[in-house]
Each structure stands twice: as C-alpha cells, then as structure tokens.
Amino acid sequence: MLNYRQLHYFWVVAKTGSIVRACEQLNLTPQTISGQITLLEETFGVDLFRRVGRQLELTEAGRQALPYAEQMFQLGGELEAMLRAQPNEQQILFRVGVADVVPKSIVYRLIAPTMELAEPLRITCREDKLERLLADLAIQRLDLVISDSPMPSHLDIKGYSQKLGECGISFFATAKLVAEHRGAFPQCLHGAPLLIPGQETVVRSRLMRWFGEQQVLPRIVGEFDDSALMQAFGQSGSGIFIAPSVIADEVMAQYQVQLIGQTEAVTESFYAISVERKVKHPGIVAITEGARRELFMPHG
C-alpha cells in the first residue's frame, strides 16, 4: 500500500532538488528523509532518484511518478483550504440562488430579514438563469431560489414554490423625457421610447398585452434581462422603464428619475422555491414571513 508520508518526502525532494533543501523545508534530518524514500523505492521495486555527483536526479520512474504526486498534494492543499474556510459551528450556511430577471432591490429587501435573526447565518448569493439554479437546488447546492415565476411544470425536479407576493408596476423616466411626453397616463406612452424586460421575464408578456388593451403603442428602444442594466439606461435618458411599484420611491431616489404612472393591471410576482414542502430553514422562514408582513400588501 502506498505510504503517503514517504510519497510526500519524495515530492519535496524532487521539487527542491536536494535532500538538504528538503530537510530545511520539512525540519527533518537527512537520514530520516533518505531512509523513508529508500523504503518507498523498496515497496515498489524501482529507483526514483539516481546520484549524479553531489546532486540527485529523477530516474524515468521518478519523472513519471512526480506529476501524480504533484496532483495529489495540490488537491490535498485545496481540501485543507476548503475545510479551513468553512463557517464556524455557530453559523448556519444559507445558499440563495437568484434568477437574473428579479430586480436587485427586491432581492435585497427579501433577504434583509435574514440578517436580523438571532441565529447567525452565513449567506451566499448566486445569480443565474432559473433552470440552472433549479438544477443546483435539486442536488442541494442551493437552499432556496428566488424567481419571478413558480417551479416550471416541464422540469423533472422536485421542488415547492411559495408565492412571496405580487405588486403592480410603475413607469419612470428622466425629467426631460417626462416633459416631452406629458398627458394622461397611459396614453402619454404612445410613441414614447420604452425600455422593457427581456423575453425570459414573466412581466414582459403581461405588459405587451396591457398595451394592446389600452391601444397604446410605445416605441421599444431596448430589451433587458437584467433589470439593473435597464434602470441604468433609463437613468441616462435612453427611454422610459418599469419597476415593481413596491420599490418606486427607492428607484426615484437612486436613479434621479420621475414617476410617470402606475398600474395594477400588470403585476409582477415573486416566488421562493425550495426542496422542502414544509420549510424549516430559518433563512427561508425569515424571507417568506418578511415578504408577506412587510414588503407586499396581502392579496385576497
């Protein structure tokens, strides 16, 4: 059987180029290191080094063995670093996946209650496409996925969706654009430059259907899967943009834009998706209770 201590001595000697330097690194005597390497050579019946003058050179067997030893001890170092980086036992790890179509301000306000729990949580957030996040949820790389839609029925993944809440949408623009498109809402949007959410968002189809019902035809100048990017373009004056009404005040303050109008006929919904039917994780409980109590008005 392979003796990993002996292999480690071989690896250090091969890397440093001499037993003397290996002794300095390992804080061992030359006799200990050379003796252990000799035992390793005897175990497998091969010579790993040959002496050339006062130097040691790897034999062909030693050259072939070195990359394997290199990989083994590199992985060992990574394992040690990973274990040392683990949260202490007083912390509960909470791994949250966020669908990239969900506005960042909504995500922050949903997760914020977890920061106030008596039990300390270590939160990690990852943003990605919904289906990739759900795949990681299925193999327990994530504890929760926050999305603008429930678990898709076509996916063969065990998961349970809890509706956190819903709200109407608001339209925003710079003062210059607001001045250029005055009039009754929503008719003032007719022909106006509009930035809209991308095809993957649920609200996109609802918004376009509502425009048809209102007989309003804006001029679409940009489509964005990332709401923060859409808002940045809106702040620059590129077009009118939308955001959930529950964060209207925050959007106006952050992006220095004005409110054009609001509608409850088009709503955005937000969901917590987990593998537990009965939620036990304190982080998920804090998010669901906080959303229903503080962020969203109850719908009957």
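General observations
- Residue among ARG182, ARG204 that alone is without any contact (Cβ under 8 Å) to a residue 40 or more places away in the chain, touching a Cys at 6+ places or on another chain (Cβ under 7 Å) and of a type outside the set (Val, Ile, Thr): ARG182
- In summary, THR263 fulfils each of the numbered conditions (1) closer than 16 Å to SER105 by Cα; (2) over 22 Å from the mean Cα position of the chain (by Cα) with the single exception of condition (1).
- Here VAL246 meets the list (1) of a type in the set (A, V, I, L, M, F, W, C); (2) surrounded by fewer than 18 Cβ atoms within 10 Å (Cβ to Cβ); (3) within 30 Å of LYS280 (Cα to Cα) almost entirely, failing just condition (2).
- Check on PHE233, touching a strand residue (DSSP E or B) at 6+ places or on another chain (Cβ under 9 Å), among the aromatic types (Phe, Trp, Tyr), under 22 Å from GLU127 (Cα atoms) and at pLDDT 95 or above: yes
- Residues that are under 29 Å from the mean Cα position of the chain (by Cα) and surrounded by 18 or more Cβ atoms within 10 Å (Cβ to Cβ) within segment 169-201 comprise ILE169, SER170, PHE171, PHE172, LEU195, ILE196, PRO197, THR201, listed in sequence order.
- When residues of segment 217-234 are limited to those that are of a type in the set (D, E, K, R) and part of a strand (DSSP E or B), the one farthest from the chain's Cα centre (by Cα): ARG219
- Of all the numbered requirements in (1) under 19 Å from GLU166 (Cα atoms); (2) surrounded by 20 or more Cβ atoms within 10 Å (Cβ to Cβ); (3) touching a Cys at 6+ places or on another chain (Cβ under 8 Å), ILE260 misses one, and that requirement is (1).
- Scanning segment 136-168 for residues that are part of a helix (DSSP H, G or I) and over 13 Å from the mean Cα position of the chain (by Cα) returns a single hit, ALA138.
- Flag if VAL107 is within 29 Å of the chain's Cα centre (by Cα), surrounded by 11 or more Cβ atoms within 10 Å (Cβ to Cβ), part of a helix (DSSP H, G or I) and without any contact (Cβ under 8 Å) to a residue 40 or more places away in the chain: yes
- Applying the set (1) buried (at least 17 other Cβ atoms within 10 Å of the Cβ); (2) modelled with pLDDT of 95 or more; (3) in contact with a helix residue (DSSP H, G or I) (Cβ under 9 Å, 6 or more places away or on another chain) to LEU207 leaves exactly one unmet item: (3).
The values are calculated or read from the model by the stated rules, or taken from the named source; none is laboratory data. Just so we're clear, the structure is a prediction, and the values are computed from it rather than from any experiment. Don't worry about glycine lacking a Cβ; one is built from the backbone with ideal geometry, like all the others, and counts go over all protein chains shown.
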